[in-house]
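Encoded as structure tokens, the structure appears first; notes follow it.
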Amino acid sequence: MDPAHGDRVHAELTRVLREHAGRLTASLIRTLGDFSAAEDVMQDAVETALKRWPAEGIPDHPDAWLLTTARRRGIDLLRRRANYREKLARLQWPVPGEPDDRLKLIFTCCHPALPVPAQVALTLRTVCGLTTGQIAAAFLVPETTVAQRITRAKRKITDAGIPYRIPPDDELHERVNQVLAVVYLLFNEGYLTSGGDRPHARDLAGDAGFLAESLAWLMPRRPEVLGLAALIRLHRARTAARFDAAGGLVLLRDQDRARWDHGAIEDAVRLLERAAALRRPGPYQLQAAIVACHAEAPTWDDTDWTQILVLYDMLLGMTRTPVVRLHRAIALRYVRGPEAALDELATLAPDLDGHHLYHATRAELLRDLGRRREAHAADRRALALTDNPAQQALLADRLTWA
Amino acid sequence: MKYVLMFVETEEYAKELAAMSDGERQAAYEQVAEWFSRHAAQITHHAHLQPAHTATTLRMDGTEPLLTDGPFVEGKEVVSGYAELEAADLDEALAVARTWPACPVVEIRPLD
């Protein structure tokens with residue numbers, strides 16, 4: 001099997017499992033009335049598929065195959081629990097007239113009574129069809145750690161009575177935000193490590209994209225949900241241009257814009273317009289609007305920095321975090337010059353001294369002002385503070401030019 | 001399901017309470033009484049504990065049973081009372097806990 005073919009099979013496998021795992025888990029939970037047992041049985045079917053499909057090919061009806069396998073293995077696994085066995089034995093495919101229950105699944109996985117790392121792992125496993133091994137590999141943690149997190153979380157769901165349902169209206173807003181935070185965290189985790197040097201590593205940014213798109217489909221009237229989907233789509237539209245042939249990170253300014261996915265950018269902008277029409281702006285919509293400004297500029301020099309600065313000011317009005325202020329300072333550099341941006345940055349030192357981006361930005365501004373020795377020192381600080389290999393390479397490159 | 005809400009007092013809260021005038025303290029107590037009556041249908045049992053200095057802890061994990069003065073965790077946060085609650089699920093128990101008007105920490109735990 002040539003490597004390109006291997007990649008295609010792998011990508012197709014990922015797509016099919018993402019498409020079906022969550023839905024099928026949801027329908028198993030309904031049949032069995034037990035989150036944990038349904039999840040176990042489905043995970044087993046996913047692992048079997050990952051073993052057999054690469055050699056045997058993906059079946060014509062992957063969902064039927066998965067459900068049949070889950071049912072057969074489930075009857076085996078749950079043989080001591082007679083009531084589950086009977087329910088499973090009666091389960092037929094396709095389940096008639098079934099609503100999409102994935103939202104309930106997502107809300108249960110992202111329940112705030114679970115620790116955040118468990119929310120992330122459980123969502124990936126249950127909703128996106130990842131195996132525990134794939135999650136461990138993606139986050140570079142031991143498989144036993146992930147397995148333990150998932151076991152504990154599932155036990156808590158059962159024992160503490162975490163409900164499997166869409167939260168009532170008065171809690172919905174807060175709970176949706178929690179779900180969005182998990183998806184966004186997943187995306188950020190995946191985005192920097194995507195591409196480059198780890199072939200066949202699971203593309204977490206892709207899983208985050210899938211989750212965001214599913215949420216936008218399931219909750220089309222919630223503008224922040226649409227905003228996050230647009231934001232992730234816009235970032236991912238630039239993936240092909242973000243790494244050079246050697247796997248090094250290419251900065252936005254230096255990216256070949258012809259390699260951006262302009263169709264995806266247009267789709268994302270349309271999605272963002274749909275969100276804006278609902279007239280409830282929020283941080284994800286604003287961040288997406290900022291990224292859209294970059295994505296729609298034909299060249300770096302055409303970037304509408306004044307508009308970007310306005311959007312950052314609005315964003316600061318909602319979430320006054322040091323990291324947002326840092327990004328605003330970067331925009332300020334292109335509207336009012338490096339001196340003004342550097343002054344702004346100085347006020348952030350106490351909060352962001354341990355943040356590599358703070359020092360990398362400072363280095364760049366100092367270089368713009370011709371203060372090369374200070375720039376060099378700031379680059380060294382930044383390098384010491386990141387453990388992402390692509391970012392390290394970029395910063396190391398800069399140190400050798402200076 | 002049955003849950004127990006454990007009410008946890010912090011040092012800061014104890015200070016706030018001590019700094020209140022009699023009238024303010026009375027109002028605070030009335031809020032708590034009002035909370036209990038509002039949730040009376042769900043609350044099956046509740047009790048307030050005597051202050052932490054009255055606690056005695058018996059440890060039996062060493063070679064000899066060890067009796068010590070004070071609560072089992074030496075810390076700034078101590079359980080000051082509890083309420084047993086009947087709720088459909090954790091979210092319902094949390095909704096009740098969220099309206100608790102007194103001490104700032106509540107632990108929610110299901111009963112077997």
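Observations, loosely collected:
- One chain, two ends: residue A:279 and residue A:56. Fully extended at 0.36 nm per residue, the span grows by 75.2 nm beyond their Cα-Cα distance.
- If the Kirkwood radius is taken over C-alpha pairs of segment A:203-247, then at 37 °C and 0.692 mPa s the Stokes-Einstein diffusion coefficient equals 292 µm²/s.
- Column: log10 I(q)/I(0), Debye, Cα scatterers of segment B:1-81, q = 0.21 Å⁻¹: -1.11
- Pairwise Cα inverse-distance average, inverted: Kirkwood Rh of segment A:1-153 (Å): 16.0 Å
- When you restrict to C-alpha pairs under 8 Å that are six or more residues apart and normalise by the size of segment B:32-112, the relative contact order lands at 33 percent.
- Normalised alpha carbon radius of gyration of segment B:1-45 [divisor 2.2 N^0.38 Å]: 1.42
- Cα-Cα P(r), the protein assembly as shown, percent of pairs per 20 Å interval: 18, 44, 32, 6, 0
- Of the chymotrypsin sites (Phe, Trp or Tyr not before Pro) found in segment A:254-339, none is in coil by DSSP with at most 10 other Cβ atoms within 10 Å of its Cβ.
- For a label point 7 Å along the Cα-to-beta-carbon line of residue B:89, residues of segment A:201-227 with backbone N under 20 Å: A:215, A:218-219
- Of the GluC sites (Glu not before Pro) found in segment B:1-84, those in coil by DSSP whose Cβ has at most 10 other Cβ atoms within 10 Å are B:74.
- Per-residue ellipticity at 222 nm from helix content only, as computed over the protein assembly as shown with -39500 (n - 2.57) for each DSSP H run of at least four residues, stands at -20500 deg cm²/dmol.
- Point-to-point label distance, residue B:41-residue A:339, nm (Cα→Cβ direction, 7 Å offset): 7.0 nm
- A DSSP coil position with no more than 12 other Cβ atoms inside 10 Å describes none of the trypsin sites (Lys or Arg not before Pro) in segment A:1-56.
- The spacing between segment B:64-89 and segment A:276-296, judged by their C-alpha centroids, is 48 Å.
- Shape summary: segment A:1-85 maps onto an equivalent ellipsoid whose semi-axes, from the alpha-carbon gyration tensor, are 27, 12, 9 Å in decreasing order.
Quick note: the coordinates plus some simple rules give every number you see, no bench work behind them. Please read these numbers as outputs of a predicted model, since none were measured by experiment. Every residue, glycine as well, gets a Cβ built from its backbone with ideal geometry; the counts of neighbours run over all protein chains shown.
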